[in-house]
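A quick write-up on the structure given underneath.
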Amino acid sequence: MTDKRRIVTIGVYGFTAGAFLEKLAGEGVGLLLDLRQRRGVRGPEYAWANSLRLQRALAAADFGYRHVKELAPTTELRRLQYREDDRQGVGKRNRSALADEYAERYTREILDPFDLGALVTELPGDSPTALLCVERDPEACHRSLVTARLRAEHDLPVTDLRPG
């Protein structure tokens, strides 16, 4: 059997629950890794993405789910990014890039100590794995830092999924 191991990334913003599941199915995703710390999204529009609801929907659609809290940014790092968002006058849902200090500290404090090799060996070989966070665009999210490392050190192809 050919190894179909690859990574897709997906955010919550811009999707409905149905469109989100359709996008995953269209890519043939078998497992979703949730990289959020709190696993909740404020507001009724994205209530479907709150942890328990999302896990139920994924299970009903036959997707695997795993929370990888060790790759989630700390509250302190998120606050650092929010301060930069405020300084630039952008909201979290409109952010287009990560703050340099956030990226450097996330890499040093979270990504460097994490054993990505062990995670990669646990990924299904017969289907893509999705990395989930809330931001629509991966460039505005820590998942882009994770996928850059997966590409560089583990030669995994990465596709970023977006709404629409």
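The values are calculated or read from the model by the stated rules, or taken from the named source; none is laboratory data. These figures come from a predicted structure and were not determined experimentally. Glycine gets a Cβ as well: all are built from the backbone with ideal geometry, and neighbour counts include every protein chain shown.
The table below lists the values:
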quantity: Near pairs, Cβ below 8 angstrom, 6+ apart or cross-chain, from region 119-135 (in contact (Cβ under 8 Å) with a residue 40 or more places away in the chain and under 15 Å from residue 9 (Cβ atoms)) to any residue that is hydroxyl-bearing (Ser, Thr, Tyr) and outside any strand (DSSP E or B); calculated: 131/147; 134/13; 134/46; 135/13
quantity: Filtered residue count, region 107-164, keeping only those that are over 14 Å from residue 71 (Cα atoms), touching a strand residue (DSSP E or B) at 6+ places or on another chain (Cβ under 9 Å) and of a type in the set (Ser, Thr, Tyr); calculated: 3
quantity: Filter result for the condition that a residue is part of a helix (DSSP H, G or I), more than 15 Å from the chain's Cα centre (by Cα), crowded, with 17+ Cβ neighbours inside 10 Å and not acidic (Asp, Glu), over 119, 77; calculated: 77
quantity: Some residue of region 59-67 being closer than 27 Å to residue 155 by Cα, hydrophobic (A, V, I, L, M, F, W, C) and outside any helix (DSSP H, G or I); calculated: yes
quantity: Exclusive hit being part of a loop (DSSP other than H, G, I, E, B), surrounded by 15 or more Cβ atoms within 10 Å (Cβ to Cβ), among the aliphatic types (A, V, I, L, M) and at pLDDT below 95, set 41, 29; calculated: 41
quantity: Residues of region 80-98 satisfying the condition of being farther than 27 Å from residue 23 by Cβ and assigned to a helix (DSSP H, G or I); calculated: 80, 82, 83, 84, 86, 87, 88
